[in-house]
Amino acid sequence: MLLFHHALGLTDGVRAFADGLRAAGHAVSTPDLYDGDTFDSITDGVANAQQIGFDTVIERGVSCADGLGDRLLVAGFSLGVLPAQKLAQTRPGVRGAVLYHSAVPPEMFGGRWPDGVALQMHIADGDEFAAEDMEAIDALSSANGGPGELYIYESSGHLVADSSWREYDAALYGLMLERTLAFLATHG
């Protein structure tokens, strides 16, 4: 599995989530799309992504799949959804995607969600950032007759599964990890 970080960069919390997946026996790679930079605010992290260029961030993520087999699973937290979703929609051999805290319209990466690619999404109902993405989330959850699972959590936090972030919620982290592991058991 490729697990892409959010706008804050490859934080200890993203690494910890990946370690939770690894502890269950899964091979997980956490590419650093920011070349080691991390940020203390989402605003600063997004500004960094804008400076690099969103297309460049996406392509950095997509290139991480080069040479990987045809049983690939991808996942992304918030900004990391961009390369994960692009890979899921455009790369042959991707079996499934897990999108945390965000999604983009399927048209951004060529239209419909591909048949045979499993999808799981995790969204907090009061997340101001995810609220901007709800049309895309709704489109994906109903695309092709509903390709996957959509979990809505009662929380106003954004990066609630990142243990190094101030909005971390241990209960939601545990639930997201549990549901992700079930997804991997089925589609991995």
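Going by the structure shown, is VAL104 at pLDDT 95 or above and out of contact with any Lys or Arg (no Cβ under 6 Å at 6 or more places or on another chain)? Walk me through it before giving the result.
On the way: at pLDDT 95 or above: no; out of contact with any Lys or Arg (no Cβ under 6 Å at 6 or more places or on another chain): yes.
In short, no.
Would you check if ALA16 is in contact (Cβ under 8 Å) with a residue 24 or more places away in the chain and in contact with a helix residue (DSSP H, G or I) (Cβ under 7 Å, 6 or more places away or on another chain)? Against the criterion (in contact (Cβ under 8 Å) with a residue 24 or more places away in the chain and in contact with a helix residue (DSSP H, G or I) (Cβ under 7 Å, 6 or more places away or on another chain)), ALA16 does not qualify. Take SER41 and decide whether it is surrounded by fewer than 18 Cβ atoms within 10 Å (Cβ to Cβ), among the hydroxyl-bearing types (Ser, Thr, Tyr), without any contact (Cβ under 8 Å) to a residue 40 or more places away in the chain and closer than 16 Å to ASP162 by Cβ. Taking the combined requirement at face value, the residue satisfies it.
Rundown of residues vs (1) over 21 Å from MET121 (Cα atoms); (2) aromatic (Phe, Trp, Tyr); (3) buried (at least 20 other Cβ atoms within 10 Å of the Cβ), yes/no style:
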{"position": "HIS5", "(1), (2), (3)": "no, no, yes"}
{"position": "LEU8", "(1), (2), (3)": "no, no, yes"}
{"position": "ASP19", "(1), (2), (3)": "no, no, no"}
{"position": "HIS26", "(1), (2), (3)": "no, no, no"}
{"position": "GLY45", "(1), (2), (3)": "yes, no, yes"}
{"position": "ASN48", "(1), (2), (3)": "yes, no, no"}
{"position": "GLY53", "(1), (2), (3)": "yes, no, no"}
{"position": "THR56", "(1), (2), (3)": "yes, no, no"}
{"position": "GLU59", "(1), (2), (3)": "yes, no, no"}
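The values are calculated or read from the model by the stated rules, or taken from the named source; none is laboratory data. No experiment lies behind these values; they were computed from the predicted model shown. Every residue, glycine among them, receives a Cβ derived from its backbone with ideal geometry; neighbour counts consider all protein chains shown.
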